[in-house]
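Working notes, beginning with the structure itself.
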Amino acid sequence: MDGLTWVNIEKPTSRETDWLAENYHFHPLDLDDCLSRRQRPKIDEYEEYVFVVLHFPLFSWEARVTVPSQVSIFIGKDYLITLHDGMLKPLVKLFRDCQLHEEARRAFLKTSGFLLYRITDRLVDYCLPITYKIMENLERVEDEIFATKGRGTVIELSILRRDIISYRRVIWPMRAVLGSLEQKIEKFTAEDMEVFWGDLVDHVDKIWDTLDECKEIVEGLKDTNDSLYSHRTNEVIRILTVISTIMLPLTLVASIYGMNINLPGDDNDLSFLVILIIMFVVIGIMLAFFRHRRWV
Amino acid sequence: MDGLTWVNIEKPTSRETDWLAENYHFHPLDLDDCLSRRQRPKIDEYEEYVFVVLHFPLFSWEARVTVPSQVSIFIGKDYLITLHDGMLKPLVKLFRDCQLHEEARRAFLKTSGFLLYRITDRLVDYCLPITYKIMENLERVEDEIFATKGRGTVIELSILRRDIISYRRVIWPMRAVLGSLEQKIEKFTAEDMEVFWGDLVDHVDKIWDTLDECKEIVEGLKDTNDSLYSHRTNEVIRILTVISTIMLPLTLVASIYGMNINLPGDDNDLSFLVILIIMFVVIGIMLAFFRHRRWV
Amino acid sequence: MDGLTWVNIEKPTSRETDWLAENYHFHPLDLDDCLSRRQRPKIDEYEEYVFVVLHFPLFSWEARVTVPSQVSIFIGKDYLITLHDGMLKPLVKLFRDCQLHEEARRAFLKTSGFLLYRITDRLVDYCLPITYKIMENLERVEDEIFATKGRGTVIELSILRRDIISYRRVIWPMRAVLGSLEQKIEKFTAEDMEVFWGDLVDHVDKIWDTLDECKEIVEGLKDTNDSLYSHRTNEVIRILTVISTIMLPLTLVASIYGMNINLPGDDNDLSFLVILIIMFVVIGIMLAFFRHRRWV
Amino acid sequence: MDGLTWVNIEKPTSRETDWLAENYHFHPLDLDDCLSRRQRPKIDEYEEYVFVVLHFPLFSWEARVTVPSQVSIFIGKDYLITLHDGMLKPLVKLFRDCQLHEEARRAFLKTSGFLLYRITDRLVDYCLPITYKIMENLERVEDEIFATKGRGTVIELSILRRDIISYRRVIWPMRAVLGSLEQKIEKFTAEDMEVFWGDLVDHVDKIWDTLDECKEIVEGLKDTNDSLYSHRTNEVIRILTVISTIMLPLTLVASIYGMNINLPGDDNDLSFLVILIIMFVVIGIMLAFFRHRRWV
Amino acid sequence: MDGLTWVNIEKPTSRETDWLAENYHFHPLDLDDCLSRRQRPKIDEYEEYVFVVLHFPLFSWEARVTVPSQVSIFIGKDYLITLHDGMLKPLVKLFRDCQLHEEARRAFLKTSGFLLYRITDRLVDYCLPITYKIMENLERVEDEIFATKGRGTVIELSILRRDIISYRRVIWPMRAVLGSLEQKIEKFTAEDMEVFWGDLVDHVDKIWDTLDECKEIVEGLKDTNDSLYSHRTNEVIRILTVISTIMLPLTLVASIYGMNINLPGDDNDLSFLVILIIMFVVIGIMLAFFRHRRWV
């Protein structure tokens, strides 16, 4: 509380960064980075302040894929400035709570380092359910695969895989950044926060582990799906072949005796029976052949 | 014995952790971790005690997959507190033995460090047969694949692969934790336990090696299965093609002479023979073609 | 400005390197490297100067693949010599600007180290849009795959993959070189450029991350495409089998009654009806069989 | 010689280890490890002795796979104790030579460290021909694949791959153990053996390299085999399609003129010729279509 | 020159190594290594001399695969002894030049370290065109794949892949050896050769990078080839299905009216027209079905 200011800027434009440039002595490159969408998570340490870029996963419903949502943070002795695009609900909610409720302010606005921990913790906690949701989706798709549902499953599997790839790319650089963050902002924290930050890093590692598992599972499911298709195609072709190889010779025999020429025994009353017997012999030979090949 | 207390809490709830918070000065984050199911194996070292989270593989019969079963351990000078969900039979049995038998107490309750070793050793030893069971399953599936049993094999292979993936994910973080555990709890052990812990780490490494081998084998088996399907489909289609390409032209010839129009030689007694000869020539050409392509 | 010379040599030949050898005391191996096209990015540090070979990705329209475009740089206290093949537009443009405009010269020609940073920065920035273009292409191909467009998609996917492989090979060695460049040319820079170079390395890392993601996505798309083909083939064969297995037995029945021999009931007026009924029974049995197999 | 004792125990049981426990002061865990079959290669260093567990590959003819064969070794100042299951012929032969021939004893029984080197060297040398045998098998299978021999090749490839996986798993942990063995047993060696052990480690590395190459080759061969099947299936289906699409329309034409109704021109002598011409036109159109698609 | 002797032994046998053993005090293991064909590249450092085993890739025309060609080198203060099998043309040519031409001797025979550099440099340079040849072959195969040439392409791809695997295995251990060679033979060199050896290592790294790229490309091409086959098979089957599903029902209708029983309207002149109309309706329905499925 004592002089700690939290400035929260949603959807920052050059006007906001100009204002920051005037009031605080931030490096121009950092201010540029707040506006650019093509950043990597990183920590830039200066004497007076630390500039942190964090990325959190955000599921984009249009693209059906996880995209990184950037939070740029300037942390100084008595201020914390967050710039983001307002899509991360936990952060928006936390700020509103602090605006409205005296008690929230008392709980969170202790030191700038403590506040940063609480914000990061909230946003990391927010990731866990998303990760477990992916795991659940995988299990649902697995059931669909075993029920051989078809084309829809392939596309769903593909979209899930794509999402896991993108999600992993968001978390990957965050692990290094969060692992070294505690040390870099130590000077802005009153109490010893090491255990807390360690716990937070554990959570991120857990997310990473889960995503790694998801990746292996999704690749395994893809293989299973392909194998099942292979098996199914093989089955169908086998039936086709059995039917064709029985029917075609019989039809040939019938066709031969359908020719409009002088056929041996064509006015004999027993001919029909003889031909039927020939046909059954053909069927028998074919079935014996298929049994030998273990097709029926 | 001398003052060493083993507190074993099955299925801990907030009531139990509240009790712990009152009687011991544990970090609140650690107590939270005991209740959370979304932890990673880890060691948190404090001056008075060490908090250890261990995960052991447990085969879930409903999900047909290995899931981590968590054991949270607080170890201090004269106490060892274990919290778990009661699913790990060796741990439950060990505690009951200590409750019932004087001699078990004398054997295990020496120092808190020694007790922790015995518990961990039991639980790790418990994993080895599970691992070898997977290996056996792989060998059984391999036999099934070579006997081309079909769809069931694909699904079984998929479930096995899924299980190996999950199992590996349980063991992976345990290796790092168990590798550094001895050093961290040294102060709670009277004798030198290095050789024992080293032996235990060797066992975990052995499990990891075996799982690695299982992973490679299961991928190899999947490939073999797919190749065999491919080969089988190819075989079946070849037979289909051979039969069709022989029968279809013959049927055509017969059909032509079945037309109700004036055919050349339709009242000649030799026509039937001539047509049969034509048919055999067609068969001969076809077979020569197949031999040339090495299909028959 | 003060004595800083920027010598820019496009499409260097041995005549140019001979001229350099006369006027500057460069190591003959370095001069050879300027002419050779088979270099790796590298930094050779000497007392008087630093020799840097940088590679930037250039999309070759004929080969439809990204190829490395080499820039060889000699940097000394008061000179910067760049040798390249004139294909990198930003570099060509930057030099022309410096030739024509006094203000450009004032902005860029401060120290040799600063000039090198500006050149490298321009060329790295030039890569970002290329990278994002690849990402867009991947998304377009993904849409095409889901719409099962066919052969063209396979080839496009293959060309994209090839391009990503080559692009990665250009960026990979650049990361190490750019990461250590700042330190090596420090002596030729007046101000502290660490933040700037760090920012540039971040951009290269970002490109690398994106390419890594692209690589995983392109492999995933290939798998999806193959699975969709598998599924489609399976579908088509199933239809073929359903039609054949219904039509072939019916044709057989008709053929049998087309034989020119004495058939049972061949002058009975109800025969036609009886045969039709037999045919419908056959169709019914077949459909029941297919329903049982869940094919229709 | 001077007091050096080599105790060789084949198929050790608890009786033998009890005897060892009585006569030497070995750690009980080590004696347990001699009997257990589920060990990893390792070195346990004690003040008085060093306990080494080595694994060597042994091809099991029943399982058609390489399995690890364990040699447990206690090495002290004046003794070397080897425990194994008697399956490793070079070791058995070496011991018998030492038993029977004075000159062999003189050559090998110098110091315990030297003896250990000679034993290990023999056993490693024994692995090389096995490794090259695998390479030869791969080359034979490659020839079979190019000759498209069929189902047998798939199974052979699968067994080879399985064997390479298991073999690698035996060698992998051995590299680390053998690499550090020399240092640990230095005190039991009179002369400087560094060059000799280095040579031995080189041989193991060579085996590892070869196995790595084998692994890549076997995966490549599997891919080639699958591609060839794919190609073959494609070929066969193409032929089937060409024949069917030519024969089916012709048969239809013939069938239409086989109907027992009033057909246009059914008593015209030229009808047969006209129909044949129609048929050839159909064949022509079909062939043109196939040529257009590049199928024939 | 001053006392520097270059002994070049082609196809060494035990006679040559015996001669070396007599005249120089080389370690017997090293002399063994010169004769053995199962070595790894390595450097053995002794006080008096350094023993180097280098492997260079050599394309074997019979096996159509790259094999390692070994050069064993003893380097001392005033001598350099090379032993090889005479297959590496640049080395043979270099030695012959030194034998015949005074000027070559003056250029190369400066110090033993310098001579070793020149030999190694020649042999490494010799590798570059081989590597680029592989790249060109890949591009040729890529064109063939896009032109769907068939079986030959699969085999060529397989052989290329095999060659890349073997080539990589030759270069892989060479990187480590060449990287540390300069330091080990420093004492036998007068001038500072660091830049030169660095350049040489760069070339080997370049070869490695290119081979890595080749490996990824060849795997990509294999995938593309398989996808194209998949697509092609799908196409062919689709055509087959379209033709069959149109022709079979029509043939059935014709066959029914070809039965030798009393058919409804079999003496009606309009029957033929009615049946043709039925047939066209069937064709129409089928085509509508195919359009619905987007098959035509």
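The values are calculated or read from the model by the stated rules, or taken from the named source; none is laboratory data. Note that the coordinates shown come from a computational prediction; the quantities given were computed from them, not determined experimentally. Note: ideal-geometry Cβ built from the backbone for every residue, glycine included; neighbour counts use all protein chains shown.
Of note:
- The requirement of being touching a Gly at 6+ places or on another chain (Cβ under 6 Å), more than 30 Å from A:K149 (Cα to Cα) and modelled with pLDDT under 85 is fulfilled somewhere in region A:266-282, by at least one residue.
- Test: residue in region E:44-57 that is within 20 Å of E:R175 (Cα to Cα), touching a helix residue (DSSP H, G or I) at 6+ places or on another chain (Cβ under 6 Å) and away from chain D (no Cβ under 14 Å): yes
- Hits in region C:148-164 - residues which are more than 8 Å from chain E (Cβ to nearest Cβ) and part of a helix (DSSP H, G or I): C:G152, C:T153, C:E156, C:I159, C:L160, C:D163, C:I164
- Number of residues in region D:62-77 that are out of contact with any helix residue (DSSP H, G or I) (no Cβ under 6 Å at 6 or more places or on another chain) and part of a strand (DSSP E or B): the value is 7.
- Subset of region A:29-48 (residues that are more than 19 Å from A:P68 (Cα to Cα) and either part of a loop (DSSP other than H, G, I, E, B) or in contact with a His (Cβ under 9 Å, 6 or more places away or on another chain) (or both)): A:D44, A:Y46, A:E47, A:E48
- Selected residue (criterion: nearest to D:Y49 (Cα to Cα)) from residues of region D:5-23 that are part of a strand (DSSP E or B) and of a type outside the set (V, I, T): D:W6
- Some residue of region A:85-98 being in contact (Cβ under 8 Å) with a residue 40 or more places away in the chain, charged (D, E, K, R) and either out of contact with any helix residue (DSSP H, G or I) (no Cβ under 8 Å at 6 or more places or on another chain) or part of a loop (DSSP other than H, G, I, E, B) (or both): yes
- A single member of B:L88, B:L94, B:L100, B:L83 is over 19 Å from B:E191 (Cβ atoms) and touching a Pro at 6+ places or on another chain (Cβ under 6 Å), and it is B:L83.
- Filter result for the condition that a residue is over 24 Å from A:F196 (Cβ atoms), among the polar types (S, T, N, Q) and touching an Asp or Glu at 6+ places or on another chain (Cβ under 7 Å), over B:S69, B:S60: B:S69
- For region E:49-65, taking the residues that are at pLDDT below 90 and of a type outside the set (A, V, I, L, M), the one that is farthest from E:S180 (Cα to Cα) is identified as E:E62.
- Checking the stated criteria, B:K184 turns out not to satisfy the condition of being in a helix (DSSP H, G or I), over 30 Å from B:G113 (Cβ atoms) and touching a residue at least 40 places away in the same chain (Cβ under 8 Å).
- The set of residues in region B:99-119 that are surrounded by fewer than 19 Cβ atoms within 10 Å (Cβ to Cβ) and either assigned to a helix (DSSP H, G or I) or β-branched (V, I, T) (or both) comprises B:Q99, B:L100, B:E102, B:E103, B:A104, B:R105, B:R106, B:A107, B:R118.
- Scanning region A:260-274 for residues that are at the interface with chain B (Cβ under 7 Å from one of its Cβ atoms) and touching a Ser or Thr at 6+ places or on another chain (Cβ under 8 Å) gives A:I261, A:N262.
- Condition met for B:V195 (in a helix (DSSP H, G or I), away from chain A (no Cβ under 12 Å) and touching a strand residue (DSSP E or B) at 6+ places or on another chain (Cβ under 8 Å)): yes
- The one condition in (1) within 30 Å of B:L248 (Cβ to Cβ); (2) acidic (D, E); (3) in contact (Cβ under 8 Å) with a residue 60 or more places away in the chain that D:E235 fails to fulfil: (3)
- Scoring A:R122 on the criteria (1) crowded, with 16+ Cβ neighbours inside 10 Å; (2) on the phi > 0 side of the Ramachandran plot leaves a single failure, condition (2).
- Looking only at region B:135-166, residues that are out of contact with any strand residue (DSSP E or B) (no Cβ under 9 Å at 6 or more places or on another chain) and either basic (K, R) or crowded, with 19+ Cβ neighbours inside 10 Å (or both) come to 13 in all.
- Against the test of being aromatic (F, W, Y) and assigned to a loop (DSSP other than H, G, I, E, B), the options C:F59, C:F51, C:F26 yield a single qualifying residue, C:F26.
- Residues located in region D:228-269, provided they are in a loop (DSSP other than H, G, I, E, B) and in contact with an Asp or Glu (Cβ under 7 Å, 6 or more places away or on another chain): D:N260, D:I261, D:N262
- Residue pairs meeting the criteria (Cβ under 7 Å; at least 6 apart or on separate chains; first within 19 Å of B:N8 (Cβ to Cβ), in region B:31-47; second assigned to a loop (DSSP other than H, G, I, E, B)): B:D33/B:Q39; B:C34/B:P12; B:L35/B:P12
- Boolean, E:K184 is at the interface with another protein chain (Cβ under 8 Å from one of its Cβ atoms) and within 27 Å of E:F108 (Cα to Cα): no
- B:V204 being assigned to a helix (DSSP H, G or I) and more than 11 Å from chain D (Cβ to nearest Cβ): no
The rows are residues; the columns are (1) out of contact with any Lys or Arg (no Cβ under 6 Å at 6 or more places or on another chain); (2) under 22 Å from A:S244 (Cβ atoms); (3) more than 7 Å from every other protein chain (Cβ to nearest Cβ).
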| site | (1), (2), (3) |
| --- | --- |
| E:D212 | yes, no, yes |
| E:E216 | yes, no, no |
| E:T241 | yes, yes, no |
| E:M247 | yes, yes, no |
| E:I256 | yes, yes, no |
| E:V281 | yes, no, yes |
| E:V296 | yes, no, yes |
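- Qualifying residue in region E:5-28 (condition: buried (at least 21 other Cβ atoms within 10 Å of the Cβ), more than 10 Å from chain D (Cβ to nearest Cβ), among the polar types (S, T, N, Q) and over 21 Å from E:D121 (Cβ atoms)): yes
- Check on D:A288, at pLDDT below 85 and either assigned to a helix (DSSP H, G or I) or more than 10 Å from chain B (Cβ to nearest Cβ) (or both): no
- The residue that is nearest to the chain's Cα centre (by Cα), among those in region B:218-239 that are at the interface with chain A (Cβ under 8 Å from one of its Cβ atoms) and hydrophobic (A, V, I, L, M, F, W, C), is B:V236.
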